[in-house]
Amino acid sequence: IGEFQTRLGAATTLTIKPFYVNEEGSYYSGMKNGKVRQWLIDHDWYGVNAEVETRIRTTDVKLGYWVNTMEPPGPPTAWKLYDTTASGGLEFSKWSLLAEPTDRHYFESFYTLVTHDFGKLRVQGGARYVIEQLSGFKAYDTTGIGDVSYETALEQASAVDPERSTDGTTFYKMLPYLGLSYALAPAAELKLSLGR
């Protein structure tokens, strides 16, 4: 995670915050049928937030842009099932889910926030426009695939399972915001906010 800030003028600041995260590993969970499910995790996500903050006379104005892209899972893309052995170990049973995303999960947002003080009353108003792209998934028939890595299992998969596969979709939403706060005392405020 990083943060870079520079002044563009006496009352104007540009802040850029990039980030990158990678997660690898697995989760194990017991199932009602006595089997143990292993959820394989290997994904990354990254993005950046950029904001320009300025003051116009006595009003603070913030304009921003945020983008975030994630590689599934979640939702899960790889589940292996194991039987428990008499000695307390695990023995591979089958793949219960083998899928791969057709795209990355993606967010993009443009936003603005305006703040003005009227004595003890602070008024904030703004809006965020959000685009969210949900990935589609190709799920595969796992018949005959053994206890191999996720990548090898994908190479060995012979057919797409249309019943478990799905197309991606994209959402577009405008999210308005209005907030009021009134200073009752130096350490006490009354707040009211409405938003979506």
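The values are calculated or read from the model by the stated rules, or taken from the named source; none is laboratory data. Since the structure is predicted, the reported quantities are computational estimates derived from the model, not experimental observations. Methodologically, a virtual Cβ is constructed for each residue, glycine included, from the backbone with ideal geometry; neighbour enumeration extends over all protein chains shown. Heavy atoms of the whole protein, side chains included, go into the accessibility calculation; ligands, DNA and RNA do not. Shrake-Rupley method; radii C 1.70, N 1.55, O 1.52, S 1.80 Å.
If I filter segment 71-85 for residues that are open to solvent by less than 50 Å² (accessible area, probe 1.4 Å) and within 30 Å of ALA183 (Cβ to Cβ), do I get at least one hit?
no
What pairs come out if I take residues in segment 72-92 that are assigned to a loop (DSSP other than H, G, I, E, B) and pair them with residues that are of a type in the set (D, E, K, R) and open to solvent by 50 Å² or more (accessible area, probe 1.4 Å) whose C-beta lies under 7 Å away, six or more apart or interchain?
If the second residue must be of a type in the set (D, E, K, R) and open to solvent by 50 Å² or more (accessible area, probe 1.4 Å), the pairs left are THR77/GLU100; THR85/GLU91.
Which residue is nearest to TYR182 (Cα to Cα), if the candidates are limited to segment 102-127 and must be crowded, with 17+ Cβ neighbours inside 10 Å and touching a Phe, Trp or Tyr at 6+ places or on another chain (Cβ under 6 Å)?
Applying the filter and picking the extreme gives GLY126.
Has segment 128-137 got any residue that is surrounded by fewer than 17 Cβ atoms within 10 Å (Cβ to Cβ), in contact (Cβ under 8 Å) with a residue 24 or more places away in the chain and not in a strand (DSSP E or B)?
yes
Which of the residues belonging to segment 1-44 are of a type in the set (Gly, Ala, Ser) and within 22 Å of the chain's Cα centre (by Cα)?
GLY2, GLY25, SER26
Restricting the first residue to segment 172-196 and requiring it to be farther than 12 Å from GLY126 by Cβ, which pairs with a second residue that is open to solvent by less than 60 Å² (accessible area, probe 1.4 Å) and of a type in the set (Val, Ile, Thr) meet a Cβ separation below 9 Å and a spacing of at least six or different chains?
TYR172/VAL130; TYR172/ILE131; LYS173/VAL130; LYS173/ILE131; LEU180/VAL123; SER181/VAL123
Taking strands (runs of 3 or more DSSP E) that do not extend beyond segment 2-57, which have at least 3 residues that are closer than 26 Å to THR77 by Cα and not polar (S, T, N, Q)? Spell out how you get there, then give the answer.
Values: elements: 4-9, 12-30, 36-56.
Correct list: 12-30, 36-56.
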